[in-house]
1. From the phi of every residue in region 124-138, what ³J(HN,Hα) in whole Hz does the Karplus formula 6.51 cos²θ - 1.76 cosθ + 1.60 yield, where θ is phi - 60° and glycine or proline is x?
2. Just in region 324-399: which chymotrypsin sites (Phe, Trp or Tyr not before Pro) are loop by DSSP and have at most 11 other Cβ atoms within 10 Å?
3. Using the alpha-carbon atoms, what tilt in degrees (0 to 90, nearest 10) does helix 216-226 show relative to the longest principal axis of the chain?
4. Would you please put 116-122, 17-23, 207-213 in order of how densely packed they are, using the mean number of other Cβ atoms within 10 angstrom per residue and starting with the highest?
5. At R0 = 30 Å, how high is the FRET efficiency between Asp364 and Arg399 if r is their beta carbon distance? Nearest 0.05 is fine.
6. Picking from Tyr365, Ile155, Gln392, whose Cα lies most toward the positive end of the charge dipole for the chain (charges on Cβ: Lys, Arg +1; Asp, Glu -1)?
7. Setting aside same-chain residues fewer than 8 positions from Lys333, which aspartates and glutamates have a Cα under 20 Å from its Cα?
8. Can you tell me, using C-alpha contacts under 8 Å and at least 6 residues apart, the relative contact order of the chain as a whole percent?
Amino acid sequence: MYWQKELEMMEDGLIRELQLKRLKEAVLAASRSPFYRERFQQMGLEPEDIRTLGDLHKLPLTTKNDLRQAYPFGFLTVPKERVIRLHASTGTTGRPTVILYSRADLDQWTDLVARCLVMTGVRQGDVFQNMTGYGLFTGGLGFHYAAERLGIFTIPIGSGNTRRQIQMMREFETTVIHSIPSYALYLANALSAMGIDPRKELSLRIAHLGAEPHSEQVRRKVEEIYGVDAFNSYGLSEMYGPGGAFECIAKDGMHIWEDAYLPEIIDPKTGKPVEEGAEGELVMTSLGREAMPLLRYRTGDLTSFCPGICGCGRRHRRIRRITGRADDMFIIKGVNIFPIQVEQVLLGMEEAGNNYQIILERKDYTDIMTVAVEVQERFFLGDRKEMENIRQRVAKHLREELLVTPEVELLKPGALESTGGKAVRVVDRRDIYEGGISYTGPE
Ligand code: ADP
Ligand code: ZN
């Protein structure tokens, strides 16, 4: 049931005590890095000013841009010789940021992910196939070392290479997969095209889905197709990687290991904490981290705290499914839209297949949103008129939710390729040179 029972089952009061102790240590350690030394000086802040958890707000917020500015060693608090690993963020929203780890950091991180695996029911005897990229991306090695630490048969296949994935799953009777959700659905298409029924011909029982926003509908779809329990896995390289927040078997929000992270939720506009339970931007402070402690790091991800105590008994606070990144949102004809809203509509329709993409263009100074969606095989084979009906129904449902009328393009299953990396949900072509006038649009 537990990997580190004492820490996992800690009582609330003890968690706070440990957090305060580790917060003070983190601030002191951070003050040795060139970046925070300068920031603290500018603010006239001394590490001793942090006496209670309530003093947290006195600390500066740290942003992705700060990490870029201080590249490559501005956040380092130990001699370079103590660094034994580097990871980088995927670079979804610009130049990637680089994270450095000491041996103690890797040790702490591995235990955090190991807790998550055990918490979701992974046991010795399982066969774990890690379908996410190895290398600079944290999803590969992060899960890998945790699974090995638990003594689990681990297949480091990495992302993509769909036929090989399927072959391994069949021949080694894989029971647990870790995959990006869009890839799990893409893989389902491939299995179906090969005439393989995953529920009958594979041995899967658990899927960890992470690294990109996905809806409850996607989880349910993966569970149905594969006959597994699917768990949401959240993380970002700035906070080590996977293990940042993870669902337990209650599937009611993701626990944040509070001995390792101090989470807050702020209003992204004002930087002030939101009311308890309200949605805002997740901010995390690393606790117990050595090489590169980060204080009040703005994740850019929108979520809220779940109220109450989890059915699993762990007191570590939980956050809800991420609804999007603050910078994921796009504006079309003045309406703010998150890709996840489109996903929820599409996956609520029986005709819709497993994948979709949103294309934004500007024609004659007007924004046009096209939603390209794969259709279920049995509908795709229907006649023209039926396809047209489906197209109109998709458009209608989207309009009702988004209040904008999109163009809809129906695709055959598998038409949107996936290489196993993060799905590109939005293709924004609006700043492309158009009709003799170069329009860059509002930032
Ligand atoms: P990048 O920020 O360049 O994409 P990372 O690979 O570190 O780099 O990705 C971390 C980000 O991925 C998170 O900040 C979040 O936006 C997204 N993410 C990770 N896991 C999840 C998840 N389970 N649900 C929603 N979003 C997620
Ligand atoms: Zn729980």
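A short reminder: the numbers here are calculations on the coordinates, not readings from a lab. None of the values given here were measured: they were computed from a predicted structure. Positions of Cβ are generated from backbone atoms using ideal geometry, with glycine treated the same way; all protein chains shown enter the neighbour counts.
1. 4, x, 6, 10, 9, 10, 8, 8, 10, x, 8, x, 5, 5, 7
2. Working: sites: Phe330, Tyr356, Tyr365, Phe379, Phe380; in loops: Tyr365.
Those that pass, being in a loop and sparsely packed, are Tyr365.
3. 70
4. Values: 116-122: 21.9, 17-23: 17.9, 207-213: 25.1.
With the highest mean Cβ count within 10 Å placed first, the list reads 207-213, 116-122, 17-23.
5. On the way: r = 21 Å, r/R0 = 0.70.
That gives a FRET efficiency of 0.90.
6. Checking the options against the dipole of the chain, the answer is Ile155.
7. Glu343, Glu361, Asp364, Asp367, Glu400, Glu401, Glu407, Glu409, Asp428, Asp431, Glu434, Glu443
8. Details: 876 pairs, mean separation 64.9, N = 443.
15 percent.
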